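Remarks on the structure that follows.
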Amino acid sequence: MTKMTPISDRHNTARPNFALRALRPVGLALAVASIALVTGCANYQSVKPGMSVSEAIQKLGKPSTTCTREDGTQRLIWTMQPYGQYAWGTNTTKDGKVVEMQQLLTDKHFEVLSTGKWTDQRLACEFGEPANKYGISKGHEIVWAYRYKQEGVWNSMMYVYMGPQGNLVNRFHPAPDPDSLGDGDRMR
């Protein structure tokens, strides 16, 4: 009599199956990303109001954007652009203390663009440099695109239209991040 071996047992050797081996790097990457996200958030949360700017820089590293405001205080921004979806910023007091650390790339914070006049310099000083700057032929406009998590969930871009000269905000809107659609080449 011939002994029948189930298909699942035929390749049962000391090696893990191919699908599991293929997932190991993904699992490792997710674990590393999770740890980085948790520790990154912890670092930004560890910067408390009243802390000196030098202490904040010691904890977080050099800001990606530093602006001197009209009143002599500074605006400091640490961003994860172009591929990250977060940026944190704070204003300082005249004596060099942190006011409050704030997550900048949120729907609520982008609403500040609805009020007042927003030049390219003011925009960069409020949100940091964008992930991309595009020129569109229709309307001859420059568009700044900030990668962020819309409603804290969706991989999105906030498109900020800067007019034909590229120096004055005239409108803005969110849309899906094109890199997160389709086959997700950026996500590989």
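Read-outs: derived from the displayed coordinates by stated rules, not from any lab. All figures in this text were calculated on a predicted structure; none of them were measured in a lab. As a convention, Cβ positions derive from the backbone with ideal geometry for all residues, glycine included, and neighbour counts pool all protein chains shown.
Each listed q (0.15, 0.18, 0.36 Å⁻¹) maps to a log10 I(q)/I(0) for segment 53-92 from the Debye sum over equal C-alpha point scatterers, namely -0.36, -0.50, -1.20.
Computed on the Cα trace of segment 77-188, the radius of gyration divided by the Kirkwood hydrodynamic radius gives Rg/Rh = 0.99. Sparsely packed loop sites in segment 53-108 (the GluC sites (Glu not before Pro) outside DSSP H, G, I, E and B with at most 12 other Cβ atoms within 10 Å) comprise Glu70, Glu100. Using 1/(1 + (r/R0)^6) with R0 = 35 angstrom and r between the beta carbons of Ser137 and Glu70, what's the FRET efficiency to the nearest 0.05? Efficiency computed from Cβ-Cβ geometry: 0.45.
Between Leu181 and Lys62, the C-beta separation translates, for a Förster distance of 41 Å, into a calculated FRET efficiency of about 0.75.
Annotation: extensible slack from Lys149 through Asn91 equals 18.6 nm (criterion: 0.36 nm per residue apart, minus Cα-Cα distance).
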